[in-house]
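The values are calculated or read from the model by the stated rules, or taken from the named source; none is laboratory data. Nothing here was measured: the structure is a model prediction, and the numbers come from that model. Backbone-built Cβ (ideal geometry, glycine too); neighbour counts: all protein chains shown.
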Amino acid sequence: MKEMDLDRLLEISGERAEALCDELYRISYLVKQNYELMSALTDPKLAGEAKKKVIGDLMPGASKIFSEVISLMIDQELIKELDQVSVDFTLLVAKKMNIRFDEVIFSEKPGEDILNKFKKIAGDKIRYRIQIDPTLIGGFIWKTMDGKVMNASIKGRLSQIREEIAA
């Protein structure tokens, strides 16, 4: 099976590694959330150029290195490994830069005051990947890179109450 040489990618991306990491995360997140998109990108009948255009349309303004990585993944039929490449590259960048990438899912777009509170709590060693999920009703879910989850959402609290009542 073909694999991406992530150490080489880190070397090539240099000071743009963190930005590339974020771009790979964003496209990976979009693909994971959309089965039809994943099906199209992994469909051997769909031309590679069409797949590249789809990703280009989803990621306007993406960096040149991101476009080249995606092109290579499509040409080498590695696009089905996009999520794993994103995760592995994130781990590599985090280790090299001595930082952590955490995901925070809010019920609605957070204001700058909220984001500043998160930054104050964690300092400059954590990079936040913000997602929006209106089904949370209110609050947020904070997922750390090492697998810890803090669910401070209304949806999460309602689930806890439901479980307590059912027990």
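Computed values, structure above
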| read-out | value |
| --- | --- |
| Per-region count, segment 17-50, residues surrounded by 14 or more Cβ atoms within 10 Å (Cβ to Cβ) and under 16 Å from the mean Cα position of the chain (by Cα) | 17 |
| Conditions (1) assigned to a helix (DSSP H, G or I); (2) surrounded by fewer than 18 Cβ atoms within 10 Å (Cβ to Cβ): number failed by Leu9 | (2) |
| Matching helices (runs of 4 or more DSSP H) fully within segment 65-167 where at least 1 residues are surrounded by 17 or more Cβ atoms within 10 Å (Cβ to Cβ), at pLDDT 95 or above and assigned by TED's automatic domain parsing to the domain that holds Ala17 | 82-97 |
| Scope segment 39-57; condition farther than 19 Å from Phe89 by Cβ and assigned to a helix (DSSP H, G or I); matching residues | Ser39, Ala40, Thr42, Gly48, Glu49, Ala50, Lys51, Lys52, Lys53, Val54, Gly56, Asp57 |
| Some residue of segment 105-117 being of a type in the set (D, E, K, R) and within 28 Å of Leu10 (Cβ to Cβ) | no |
